[in-house]
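Okay, here's the structure, questions in a sec.
The values are calculated or read from the model by the stated rules, or taken from the named source; none is laboratory data. None of these values were measured; they are calculated from a predicted model. Note: ideal-geometry Cβ built from the backbone for every residue, glycine included; neighbour counts use all protein chains shown.
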Amino acid sequence: MAAQIELQGIERVFHLGDSVVHALAGVDLRIEAGEYISVMGPSGSGKSTLLNVLGLLDRPDAGHYLLEGRDVTTLSADEQAQVRSQRIGFVFQSFHLVPRLTAAENIALPMVLAGLPPRERDARVRQALDGFGLAERADHRPDQLSGGQRQRVAIARATVMRPALLLADEPTGNLDRASGGEVVRLLEQLNADGVTLLVVTHDPALGARARRCLRMEDGAIRRDERQQAASHAHG
Amino acid sequence: MRTADLLAFAVGAARGNRVRTVLLMLAMAIGVAAVVTLTALGDGARRYVVREFSAIGSNLVIVLPGRTETGGINPGSFVSSTPRDLTVDDAQALLRAPAVQRVAPLVVGTAELSVAGKLREGVVIGTTAEFIEVRQLRMAQGQFLPREDWNRGSMVMVIGATLRAELFGNEAALGRFVRVGDRRFRVIGVLAPTGSGLGMNSDELALVPVSLAQAMFNTDTLFRIFVEARSREAIEPAKRQVTQIIQQRHDGEQDVTVITQDAMLATFDRLIGTLTLGVAGIAAISLAVAGILVMNVMLVSVAQRRSEIGLLKALGASGGTIRLAFLAEAALLSSAGALFGYALGLAGAALIRALYPVFPAYPPDWAVLAGLGTALFTGLLFGVLPARSAARLDPVTALARR
């Protein structure tokens, strides 16, 4: 069976003035459906670039990216947007909620962009609000929510289109310990329900929770460790 | 993205930054209001002139002796070059035309008028009782020339207001005698002052019966025949019939020129219409300025909302969707501003009408449509560039910045 994600020799080069930075230098990676992966490493090691490439926000300069067996590197920008809309969810460190929209409207945003009919949107938003414990906050704007609530809204928004892949960039970076733990439990619950989860983090405790830990340095994956319980994830 | 959602999103974005939205709409509104008000002024001026012109008697058809050649040379040009006289009998014959209401023949000359030794050079007009109605003049004192046989006039005179003051000063004029050459005319009326009209100041005229003026100036020919058509619609038929009757009477030769006051009016109409268009053009420049403002404000908005745009892209919005969202916002702001400006312009026009009731300052329909259309068009046109820059934004860098 083909892997959900297959990266072959991915290169990403940035030109900063005269110097050339290899953010990704020949990355090969296979990810099976339903895996729980953490990506760690020092700043500038290419973690975020890897996340952006996986999320189709950034195009690699060389190599191939097969998502569910399809080479997505050659797709047009609009086709990539379509793939992002249907298959990929993002969770950001700074939440990135639209300040003028209520919690419910923020959660509905991906469905609005995808052109789903309002009836179905309303049903899914209500389901998400209930499922993430936000039912009473539906009409609150982001500035009326706590950090943990904001990130829960953001996770609800990332999963409302039922993506196969959830990409989280420092999801607990802006949260206190308690709400951070809550957010992690939520993400892991989603992973347990079958979503592939990839978390980029500086936090060793969070990184250690994943069943598979990638360690990046200088744009390459230096270590790829599977934890004790990880055996079922590798087919 | 569904159209309703797109509009709702644009409205939400517009309401998200009220100061920006209000400023933008204000700029658009002032542009449209300028177009509406200025064209209302221009068109008001046109209507004003047309109305004033109509007051002189716009159903007027004027017959001049001699043919003004406009159609090149015709066979008649070789047969005779001197036109036949336009006579009092010609004028009387015109009354047969069904479209004609009144006819007033006109003889003009200058003569020396004297009253008790005071001399003054003056314009003497020989005409008939109908003149006062055809030219729509009014009497200040006494009465106008009596209705009588056009070929046998009584020795009476009607004088204009200025002439009365110059000849008689503060004394009463009615019943006094004015000597012209070897004839003495009794003053039976004074015209109310009117100012000028059709290049002839009626305040300085002395009017006498047409036959006497002809005898005085030793001529058989008329200077003009003023014909009043029965109605505005009858002007063209009257013109045709007059031409035909004169042609019959002049052995089949067209040796008169017939002009209508409407022809002059049309010239004025065109002139002021062009002026209004020019003023509207100047006002349209303010719309273009508003358009550029729309562009600047939208560009700033794109810069301010970079992370939102990046997020929308991450959530699966295509470049086209984002372009559409920003265009919808620009169009929405422009049209709202334009409608607001339209109301403002109407209020401005109403204010002008309130201040100057004689001035019919209503904006013409074409200006309203053009103003609103230009506003929308410039709004969209200048919205394209910001929308494109938003759509092209790289999501990675857009999201990285806070």
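Taking B:G175 as meeting all but one of (1) part of a loop (DSSP other than H, G, I, E, B); (2) touching a Lys or Arg at 6+ places or on another chain (Cβ under 9 Å); (3) within 17 Å of B:L106 (Cα to Cα), write down the number of the exception.
(3)
Based on what the data block shows, is B:R164 more than 26 Å from B:D89 (Cα to Cα) and of a type in the set (K, R)? Write out each step before concluding.
Working: more than 26 Å from B:D89 (Cα to Cα): yes; of a type in the set (K, R): yes.
When the stated conditions are applied, B:R164 passes them.
Among the residues of the range B:258-297 satisfying the criterion of being hydroxyl-bearing (S, T, Y) and surrounded by 17 or more Cβ atoms within 10 Å (Cβ to Cβ), which is farthest from B:L222 (Cα to Cα)? Break it down stepwise before answering.
Restricting attention to the range B:258-297, the residues satisfying the condition of being hydroxyl-bearing (S, T, Y) are B:260, B:267, B:274, B:276, B:286.
Imposing the further condition that a residue be surrounded by 17 or more Cβ atoms within 10 Å (Cβ to Cβ) reduces the set to B:260, B:276, B:286.
Numbers: B:T260: 18, B:T276: 40, B:S286: 56 Å.
Selected residue: B:S286.
Moving on to the next point. Test each condition in (1) more than 19 Å from B:L6 (Cβ to Cβ); (2) without any contact (Cβ under 8 Å) to a residue 60 or more places away in the chain for A:Q82 and report the one that comes out false.
It fails just one condition, (1).
Among the residues of the range B:95-110, is any in the same structural domain as B:V158 (by TED's automatic domain parsing), closer than 18 Å to B:A161 by Cα and in contact with a Leu (Cβ under 7 Å, 6 or more places away or on another chain)?
no
State yes or no: is B:G278 farther than 30 Å from B:D394 by Cβ and either touching a helix residue (DSSP H, G or I) at 6+ places or on another chain (Cβ under 9 Å) or not assigned by TED's automatic domain parsing to the domain that holds B:R102 (or both)?
yes
Check every one of the helices (runs of 4 or more DSSP H) wholly within the range A:56-142 and list those with 2 or more residues that are within 12 Å of chain B (Cβ to nearest Cβ) and surrounded by 20 or more Cβ atoms within 10 Å (Cβ to Cβ).
Values: elements: A:77-87, A:103-114, A:118-131.
Because the criterion is at least 2 residues that are within 12 Å of chain B (Cβ to nearest Cβ) and surrounded by 20 or more Cβ atoms within 10 Å (Cβ to Cβ), the helices (runs of 4 or more DSSP H) in the range A:56-142 that meet it are A:77-87, A:103-114.
For the range B:2-23, what are the residues that are of a type outside the set (D, E, K, R) and either more than 16 Å from A:N106 (Cβ to Cβ) or away from chain A (no Cβ under 11 Å) (or both)?
Scanning the range B:2-23 gives B:T3, B:A4, B:L6, B:L7, B:A10, B:V11, B:A14, B:N17, B:V19, B:T21, B:V22, B:L23.
Table: residues versus (1) out of contact with any Ser or Thr (no Cβ under 8 Å at 6 or more places or on another chain); (2) more than 13 Å from B:G122 (Cβ to Cβ).
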site	(1), (2)
B:V156	yes, yes
B:A165	yes, no
B:A173	yes, yes
B:R179	no, no
B:R184	yes, yes
B:N201	no, no
B:L205	yes, no
B:Q214	yes, yes
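Output the residues belonging to the range B:257-289 that are in contact (Cβ under 8 Å) with a residue 60 or more places away in the chain and charged (D, E, K, R).
Within the range B:257-289, B:D262, B:D269 meet the criteria.
Please enumerate the residues belonging to the range B:375-402 that are among the hydrophobic types (A, V, I, L, M, F, W, C), closer than 24 Å to B:M25 by Cα and more than 10 Å from chain A (Cβ to nearest Cβ).
Hits for the range B:375-402 are B:A375, B:L376, B:F377, B:L380, B:L381, B:F382, B:V384, B:L385, B:A387, B:A390.
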